[in-house]
Amino acid sequence: MDLSLFAEDSIQAGEETTLLIVVEHKDKPFTGGVLTLEVWQHEDEAHTWLDTEETDVGQYEVSHTFADAGEYHVVFHIEDDTGLHEHIHEALIVDENT
């Protein structure tokens, strides 16, 4: 499972940002599945869950406003109706709004 995350120039705290996620499975676009993002900062007990929408074959988008600057943990939950359920962990940096 390969995943690429794209965002606007930089992600600014307090501003809505659209994230584009491109997913491939076995060297083909992953389509028709469900991609959910689980997002939190270091010691947060509450995690935010973001549902994406498939906007093109293998491309998923979600818009979100990150309240605070800093590093966020992101777990991409990738599922389909065949029983596939993969997790990919990434870090995301949110800049202070200037």
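The values are calculated or read from the model by the stated rules, or taken from the named source; none is laboratory data. These numbers were taken from a predicted model, which means no experiment stands behind them. Counting neighbours? That spans all protein chains shown, and the Cβs are built from the backbone with ideal geometry, glycine included. For the accessible areas, the whole protein counts, side chains as well, though only heavy atoms, and no ligand, DNA or RNA atoms are used. Shrake-Rupley method; radii C 1.70, N 1.55, O 1.52, S 1.80 Å.
Annotations for the structure displayed:
- Per residue, the accessible area of region 27-98 comes to 62 Å² when a 1.4 Å probe rolls over the protein heavy atoms.
- 3J(HN,Hα) from dihedral phi, region 37-49, Karplus parametrisation 6.51/-1.76/1.60, rounded to Hz, x for glycine, proline: 9, 10, 10, 7, 9, 2, 9, 4, 7, 8, 9, 9, 10
- Counted charge near Thr65, where neighbours are those whose Cβ lies closer than 12 Å (Asp, Glu -1; Lys, Arg +1): -3
- Dipole magnitude of the chain about its Cα centre (Cβ charges: Lys, Arg +1; Asp, Glu -1), debye to nearest 20: 280 debye
- Expressed as a whole percent, the proportion of Cα-Cα pairs in the chain lying more than 16 Å apart is 55%.
- Rounded percent of accessible protein surface that carbon and sulfur make up, the chain, 1.4 Å probe: 43 percent
- Thr82-Phe6 FRET efficiency (beta carbon distance; Förster radius 30 Å; 0.05 resolution): 0.65
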